[in-house]
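To start, the structure itself, in structure tokens.
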Amino acid sequence: MNGFELIRGQTNNLLIEINGYINCLHLTPCPYTRNMLLTLLRQKISFLSFLNNLQYSLGVRQPDILPQQTFTVEQLSKYDGKNGQPAYIAVNGLVYDVTNSAAWAAATHFGLSAGRDLTREFLNCHQEQQQILNSLPVIGRLVQ
Amino acid sequence: MKISECPVNKLGVSAAQKLIDRVVAEARKGRLKKRNLVWLEATGCSGNIISLLNGSNPDFRYFIRDMVNLVYNNSLMASEGEAAFEHLVRVSTADFILAVEGAVATKDKGLYNVIGNWKGKPVTAIDAVRWLGERAAHVIAVGACATHGGPSAAKPNPSQSVSVQSVLKRKVIKLPGCPCHPDWFLGTLAHLLLYGQPLLDEFDRPLMFYGTLIHDLCPRRSFFEKGIFAEKLGEKTCMFKLGCRGPVTRVDCPVRQWNDYVNWPIGDDTPCIGCAQFGFPDAMEPFISYDIT
């Protein structure tokens with residue numbers, strides 16, 4: 001395991017812990033428990049910041065090279081997640097695989113179906129939330 | 001460890017009860033005055049008041065005896081007609097908390113939903129919600145229809161129903177769910193009585209109940225992570241491929257459960273249909289799919 005993988009593993013663990021503390025924070029009516037949880041959260045955030053700096057000192061990794069596969073809108077429409085086909089969607093010219101994305105149960109998401117260019121819909125609901133797309137595997141590019 | 005033994009989950013389940021116990025203790029010491037509650041029913045199915053009657057921790061009797069003066073509810077009050085409506089008129093100038101279940105029908109000036117008569121004239125739900133909504137100390141929208149239109153506003157929405165928030169220019173606490181769990185309402189009400197408005201998320205839902213995704217607390221989460229998916233109803237694995245909406249629905253059903261904390265949809269091998277998510281039912285369809293990869 002190299003340095004990057006170690007940092008990534010540690011970061012993921014920290015995020016899970018932070019999520020857990022936030023859940024507790026929502027649930028507890030007791031102000032003392034809340035203060036303790038906030039202190040713990042601060043500790044975790046400072047560790048996260050340490051890991052972030054460490055990653056920069058090791059040099060930022062180059063982004064993965066994008067796959068060369070291209071899709072037209074018509075080709076994309078076949079990948080609707082039904083009858084053995086995977087579920088793909090396009091946003092801002094990139095095609096993403098949502099077959100196993102938790103928010104895309106039965107290849108549908110808030111009334112939207114897979115196999116379509118959803119750039120407009122994405123911007124309507126998730127503007128400035130690029131991290132959502134970063135977590136999805138990129139399959140190719142959408143062409144005219 | 002069973003999910004019910006997790007200290008975080010235990011804390012969540014008991015949060016409503018702790019708050020309600022505190023309300024009663026403070027009221028008995030004379031430090032807390034019982035406040036008036038108006039429960040208005042607009043365009044809906046009465047499902048939320050029925051759900052509240054099914055509350056067990058505390059039960060309904062405890063709620064009306066020890067927590068609030070329930071001034072008006074059309075399903076439960078003894079008075080009827082204009083005599084019942086008089087209670088509303090009287091409380092409108094006093095201090096009261098307003099709970100609304102059901103959406104607000106707007107077509108033809110709201111005439112699709114007349115909730116009563118006053119001085120011989122019909123009173124529509126839209127008029128009542130505006131009139132009381134502007135005067136109440138707090139407004140709580142209870143259930144899917146009141147919070148975002150819900151089934152009443154589902155396509156083709158013949159009565160042009162909208163949420164309570166759409167007709168009121170003020171903060172409305174939203175408790176989505178079809179129906180709303182008794183604890184979500186009673187816990188929120190108890191918090192209002194004790195400390196005022198609870199912490200809300202960006203959609204005005206109380207974080208103590210709507211803070212976590214169903215998917216995050218789901219006892220079948222490990223099946224999702226391992227890619228073991230149910231192909232038909234009745235299988236005891238992850239129902240993601242059948243169309244489970246747990247990953248987009250933010251509420252505490254997995255730990256709180258329903259009907260005296262006995263069970264919930266996933267526990268009975270049917271997918272979550274996202275009834276506590278905004279946009280239900282249209283945005284949560286299809287409820288079940290069988291030909292998914």
With n ≥ 4 as the cut-off for DSSP H runs, can you work out [θ] at 222 nm for the protein assembly as shown, using -39500 (n - 2.57) per run divided by the number of residues, rounded to the nearest 500?
-11000 deg cm²/dmol
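Please compute the alpha carbon radius of gyration of segment B:172-293, then divide it by the globular-protein estimate 2.2 N^0.38 Å. Two decimals is fine.
Numbers: Rg = 15.2 Å, N = 122, 2.2 N^0.38 = 13.7 Å.
In units of the globular-protein estimate, segment B:172-293 measures up at 1.11.
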Amide H of A:I139: which non-local residues (sequence gap of 5 or more, or other chain) have their own amide H closer than 5 Å, using H built in the peptide plane?
A:V95, A:Y96, A:D97
Beyond 20 Å (Cα-Cα) in this structure, taken from A:K82/B:K155; B:K119/B:K169; A:K78/B:K241; B:K107/B:K171; A:K78/B:K226, we find A:K82/B:K155; B:K119/B:K169; B:K107/B:K171; A:K78/B:K226
Averaged over the residues of B:281-288, the number of partner chain Cβ atoms within 10 Å of each residue's own Cβ comes to 3
P(r) weight above 29 Å for segment B:3-210, C-alpha pairs, percent:
21
Straight-line reach from A:K44: which aspartates and glutamates fall under 15 Å, measuring Cα to Cα and dropping same-chain residues less than 8 apart?
A:E17
For B:K33, the aspartates and glutamates lying under 15 Å Cα to Cα, once residues fewer than eight places off in the same chain are dropped, come out as B:D21, B:D66, B:D95
For segment A:70-142, the Cα gyration tensor yields equivalent-ellipsoid semi-axes (√(5λ), largest first, whole Å) of 17, 14, 11
Evaluated at 20 °C and 1.002 mPa s, the Stokes-Einstein D of segment B:28-120 based on the Kirkwood radius over Cα pairs, in µm²/s, stands at 146
Run down the aspartates and glutamates and flag those whose C-alpha is under 16 Å from the C-alpha of B:K236, throwing out any fewer than 8 positions away in its chain.
B:E225, B:D268, B:D269
Mind listing P(r) for segment A:3-57? All alpha-carbon pairs, 10 Å bins, whole percents.
24, 45, 22, 9, 0
With no solvent and one equal point scatterer placed on each C-alpha of segment A:1-92, evaluate the Debye formula and give log10 I(q)/I(0) for q = 0.10, 0.19, 0.21 Å⁻¹, two decimals.
-0.56, -0.88, -0.96
Ignoring solvent entirely, what values of log10 I(q)/I(0) come out of the Debye formula for the protein assembly as shown at 0.10, 0.13 Å⁻¹ when each Cα is a single scatterer?
-0.82, -1.24
Mean per-residue count of partner chain Cβ within 10 Å for A:94-106 equals 5
Given the candidates B:L192, B:S56, B:H148, the one whose Cα lies deepest towards the positive end of the charge dipole of segment B:3-210, counting +1 at each Lys or Arg C-beta and -1 at each Asp or Glu C-beta, is B:L192
I'd like the FRET efficiency for B:R170 and A:C30, computed as 1/(1 + (r/R0)^6) with the beta carbon distance as r and R0 of 45 Å, rounded to 0.05.
0.90
Report the Cα centroid-to-centroid distance between segment B:83-150 and segment A:79-98 in angstrom, as an integer.
45
Suppose every Lys and Arg Cβ carries +1 and every Asp and Glu Cβ carries -1, with no other charges. What dipole size does the protein assembly as shown come out with about its Cα centre, to the nearest 20 debye?
1080
Relative contact order for segment A:70-142: what is it in percent, counting Cα pairs under 8 Å that are at least 6 residues apart?
40
For the peptides B:19-25, B:274-280, B:166-172, B:141-147, what is the packing order when you average, over each peptide's residues, the other Cβ atoms within 10 Å and list the highest mean first?
B:141-147, B:274-280, B:19-25, B:166-172
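Taking each residue in B:241-249, count the Cβ atoms of any other chain within 10 Å of its Cβ, then average. What number comes out?
Taking the mean over all residues of the peptide, I get 4.
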Binning at 5 angstrom from zero up to the longest distance, how are the C-alpha pair distances of segment B:214-284 distributed in percent?
3, 19, 28, 26, 18, 5, 0
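Read the figures in this text as sums done on the coordinates, not as results from a lab. Here the structure is a predicted model, which means the values were calculated and not measured. Glycine gets a Cβ as well: all are built from the backbone with ideal geometry, and neighbour counts include every protein chain shown.
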